[in-house]
Amino acid sequence: MTAYRHKKSLGQHFLHDPGYLARIVTAIRPAADDLMVEIGPGQGALTRPLLEKLDHLHVVEIDRDLVAHLSQAFPPERLTIHTADALKFDFASLGTPLRVVGNLPYNISSPLLFHLADYAGKIKDLHFMLQKEVVNRMAAAPDTPDYGRLSVMLQARFQVMKLFNVPPGAFNPPPKVDSAVVRLVPLSVEAIPYRDAERFAEIVARAFGQRRKTLRNTLKGLVEPEAFAALSIDPQRRGETLSVEEFSRLANR
Ligand code: SAM
């Protein structure tokens, strides 16, 4: 595929460094009979070494030019290609327990993570290459500069582990940013700290909507002033200082 022109709008940066590809596959530890889906296979840089370990792999790719290439390169009994937008794809249709991997298009990483969080109950684990800053935000602890809505929403559903950084030179064309590989493992139902997902999401969104304001202001109308005292949470604090557990306490009341 030498004549292929990368589509910037689809975040196409293809991995070509064999050392990093090997590290990613080692981190994923594919077993032959795993039920696995790769998001954004591109020209198959990761697909190929994964298929050396797996009997079968699903891929979700939006670019028809790349789909044509993939369908030539891999036999259909080994690779099932879903020509689709991963943001709208029904991951439950593939079965369970599903393993999800991908060197993701960075321009849609946050909405894609929120979309996948809806399937957490059906997923065994997820391994993603993302912009390093996004991985730092996903894994951030309370009261640190990277901590925000993405950290709280993901850590309430998943154990988030940053694995290693990957430099721009590992890709063709090289992106302008550093990348990192992250592992997400869904929490068991008993370990999810909130009772009502919608209410939890609303409180977190409001608390981080105006980062510099106190909880008393950002949660006005949503949490009664008396509730703060009953939950031992100071209403003068800002949302960015609250742990996932404290957000859950507010939502569960
Ligand atoms: N996995 C390949 C690699 O590592 O070389 C390609 C990674 S490239 C960063 C991202 C891939 O995601 C591209 O193949 C791109 O066409 C695809 N893509 C972009 N937006 C997508 C979407 N909404 N749904 C599915 N695939 C998408």
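Collect the residues in region 54-72 that are more than 18 Å from the chain's Cα centre (by Cα), open to solvent by less than 50 Å² (accessible area, probe 1.4 Å) and among the aliphatic types (A, V, I, L, M), keeping them in residue-number order.
Matches in region 54-72: Leu54, Leu57, Leu66, Val67, Leu70.
Consider region 209-234. How many of its residues are surrounded by 14 or more Cβ atoms within 10 Å (Cβ to Cβ) and in contact with a Phe, Trp or Tyr (Cβ under 9 Å, 6 or more places away or on another chain)?
Looking only at that region, the number is 4.
When region 49-76 is examined, which residues are found to be touching a residue at least 24 places away in the same chain (Cβ under 8 Å), more than 17 Å from Leu98 (Cβ to Cβ), in contact with a Ser or Thr (Cβ under 9 Å, 6 or more places away or on another chain) and within 11 Å of the ligand (Cβ to nearest atom)?
The answer is Ile62, Asp63, Leu70.
Leu126 - would you say it is open to solvent by less than 40 Å² (accessible area, probe 1.4 Å), within 16 Å of the ligand (Cβ to nearest atom) and either of a type in the set (Ser, Thr, Tyr) or in the same structural domain as Val182 (by TED's automatic domain parsing) (or both)? Give the steps one after another, and end with the answer.
On the way: open to solvent by less than 40 Å² (accessible area, probe 1.4 Å): yes; within 16 Å of the ligand (Cβ to nearest atom): yes; either of a type in the set (Ser, Thr, Tyr) or in the same structural domain as Val182 (by TED's automatic domain parsing) (or both): yes.
Taking the combined requirement at face value, the residue satisfies it.
Based on what the data block shows, is Gly19 over 21 Å from Ser93 (Cβ atoms), crowded, with 20+ Cβ neighbours inside 10 Å and modelled with pLDDT of 95 or more? First the steps, then the outcome.
On the way: over 21 Å from Ser93 (Cβ atoms): yes; crowded, with 20+ Cβ neighbours inside 10 Å: no; modelled with pLDDT of 95 or more: yes.
For Gly19, the condition - over 21 Å from Ser93 (Cβ atoms), crowded, with 20+ Cβ neighbours inside 10 Å and modelled with pLDDT of 95 or more - is not met.
So, in region 35-44, how many residues would count as being on the phi < 0 side of the Ramachandran plot and either open to solvent by less than 30 Å² (accessible area, probe 1.4 Å) or not assigned by TED's automatic domain parsing to the domain that holds Leu104 (or both)?
Selection size over region 35-44: 5.
Name the single residue, out of those in region 77-109 being near the ligand (Cβ under 7 Å from one of its atoms) and part of a strand (DSSP E or B), that is surrounded by the most Cβ atoms within 10 Å (Cβ to Cβ).
Per the stated criteria, the residue is Asn103.
The values are calculated or read from the model by the stated rules, or taken from the named source; none is laboratory data. Source: prediction; values computed, not measured. No Cβ is skipped: glycine too gets one built from the backbone with ideal geometry, and neighbour counts run over all protein chains shown. Protein only, heavy atoms only, side chains kept; ligands, DNA and RNA dropped before computing areas. Shrake-Rupley method; radii C 1.70, N 1.55, O 1.52, S 1.80 Å.
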